[in-house]
Amino acid sequence: MSRPVADIDERGADCGKRLAGLRFAMVTTFYPPYHFGGDGQAIRLLVHALARRGHEVEVIHDVDAWRMQARGAEPAPLTEPPGVSTHALRSGLGGVSCLLTHQTGRPLVHGRHICRILRRGFDVIHFHNISLVGGPGVLSLGQGIKLYTAHEHWLVCPSHVLWRHNREACTGRECLRCVLHYRRPPQLWRWTGLLDRCCRHVDAFCAPSQFCADMHRKFGFPYAMHILPNFLPESDAAAAEQMPPGWQGPERPFFLFVGRLERIKGLQDVIPHFTDGGPAELWIAGEGTYESVLRKAADGRRCVRFLGRQAEPALRWLYRRACAVLAPSICYEVFPMVLLEAFREGTPVIARRLGPYPEIIEQSGGGILFESPAELAGALARLAGDAALRSQLGQAAQHAFRRLWSEEVVLQRYLGLIASIAERRGLNRVLGRMQAAAVR
């Protein structure tokens, strides 16, 4: 096997100084800038939030996995804050390393490297998307309190997203036929009991939404899950008011879609509702493999604008001015970060009555659900023409964000879960370090 060629890839300033708080290891396949979706963003937000509270965090992630799926040039490195360092796993085998993990459920290429890092001693090892960084076998490595967050449905679904046969939301297991439709080799370890044996090393499993936990239980996952939602820091209102350079303010009301342009995101069901003579436009921020199909569907409609991928400042400016953010996914989402980004800026959401959206809209009162094309058309018409309703829903969304999904609220729950495990296991040293960090 090829030995990894890099150890610490990026390091925050003053990382070598021992901090007063806990030592965390985050183990994940993808981490910014080597990532594709919201799970990498959510993990980095957690890492930075812990560092701000006096904890030390080391992130182990797999660049081989990113390279196997990425298109284009390697991204520019990101600077991590003090107390944070990252270990970017690379090997001469590239995608073969990922294939071996995918097929055996173990980190055959990077396993020794991961073990060397984890032997440095961590109070908490938090596993995230481990599908290609080590499979279930990585859960047995290292000592300390162990957490696992299900950012996807990988624990119960080889395709991660419960999208059966690459054409429909899954309602029952047909795994072998399904992976063949995806043109992927079956993971025989899923029938050996390896996953269950490795899961016994984990102290607590977490799900970002009740829906996610319920789906894991429905598809046979036997362990209880703690609900630990995604979060965002509070908004900088002044920054959100700055128009991106070169932009012009909208001439007409607009609805906003933010995300990957893939079939499962359901945007193809939205575009037909927008016409040049209608009351509002559709602005689309994102890119993906389905973009050409969506552009063809929107051909000739000047009211549909493709903005490409946008950085955070531009997105915040867009959120603030949109009538609503559209979430029409036809697959089972877990907890989309886009909803929190919209809610933080006081923007309501129109979401399909599927997955976690009913739960989130019920908790927040910050949007409208739809199921049929007629319901979608009605929701678009109501919010395009009723500024008072937009304001009412937006205020409810923003209040719910501060109450349920702000950084301070969720971090208290996160650290409270760790403290409860430490108390149960009699880990007084961990409890002492947590108290020391809390009074810094």
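The values are calculated or read from the model by the stated rules, or taken from the named source; none is laboratory data. Quantities reported herein were computed from a predicted structural model and do not represent experimental measurements. Cβ coordinates were reconstructed from backbone atoms using ideal geometry, including for glycine residues, and neighbour counts include every protein chain displayed.
The set of residues from the range 22-40 being buried (at least 24 other Cβ atoms within 10 Å of the Cβ), hydrophobic (A, V, I, L, M, F, W, C) and not in a strand (DSSP E or B) comprises LEU22, PHE30.
In the range 46-56, of all residues being under 19 Å from the mean Cα position of the chain (by Cα) and crowded, with 21+ Cβ neighbours inside 10 Å, the one that is nearest to PRO336 (Cα to Cα) corresponds to LEU46. Would you please name the residue that is nearest to VAL258 (Cα to Cα), looking only at residues in the range 313-334 that are out of contact with any helix residue (DSSP H, G or I) (no Cβ under 7 Å at 6 or more places or on another chain) and either among the hydrophobic types (A, V, I, L, M, F, W, C) or surrounded by fewer than 22 Cβ atoms within 10 Å (Cβ to Cβ) (or both)? Per the stated criteria, the residue is LEU326. Screening PRO107 on (1) in contact with a His (Cβ under 8 Å, 6 or more places away or on another chain); (2) not in a helix (DSSP H, G or I); (3) not small (Gly, Ala, Ser) shows it passes everything except condition (1).
Out of VAL338, VAL293, VAL334, report the one residue that is in the same structural domain as ILE271 (by TED's automatic domain parsing) and part of a loop (DSSP other than H, G, I, E, B).
Details: VAL338 fails: part of a loop (DSSP other than H, G, I, E, B); VAL293 fails: part of a loop (DSSP other than H, G, I, E, B).
Answer to the selection: VAL334.
Taking ARG433 as the residue in question, decide whether it is outside the structural domain of PRO348 (by TED's automatic domain parsing), assigned to a helix (DSSP H, G or I) and either exposed (fewer than 15 other Cβ atoms within 10 Å of the Cβ) or of a type in the set (Asp, Glu) (or both). Against the criterion (outside the structural domain of PRO348 (by TED's automatic domain parsing), assigned to a helix (DSSP H, G or I) and either exposed (fewer than 15 other Cβ atoms within 10 Å of the Cβ) or of a type in the set (Asp, Glu) (or both)), ARG433 does not qualify. Taking the range 125-181 only, how many residues are part of a strand (DSSP E or B) and either under 17 Å from PHE219 (Cβ atoms) or not assigned by TED's automatic domain parsing to the domain that holds CYS199 (or both)? Summing the residues that are part of a strand (DSSP E or B) and either under 17 Å from PHE219 (Cβ atoms) or not assigned by TED's automatic domain parsing to the domain that holds CYS199 (or both) in the range 125-181 gives 5.
For the range 174-202, a residue qualifies if it is among the aromatic types (Phe, Trp, Tyr) and under 26 Å from ILE145 (Cα atoms), and exactly one does: TRP189.
Assess whether PRO107 counts as being free of Cβ contacts under 8 Å to residues at least 40 places away in the same chain and either more than 17 Å from the chain's Cα centre (by Cα) or surrounded by 24 or more Cβ atoms within 10 Å (Cβ to Cβ) (or both).
Details: free of Cβ contacts under 8 Å to residues at least 40 places away in the same chain: yes; either more than 17 Å from the chain's Cα centre (by Cα) or surrounded by 24 or more Cβ atoms within 10 Å (Cβ to Cβ) (or both): yes.
So PRO107 fits the description; yes.
Flag not set for GLY277, criterion: modelled with pLDDT under 95, of a type in the set (Gly, Ala, Ser) and within 23 Å of GLN69 (Cα to Cα).
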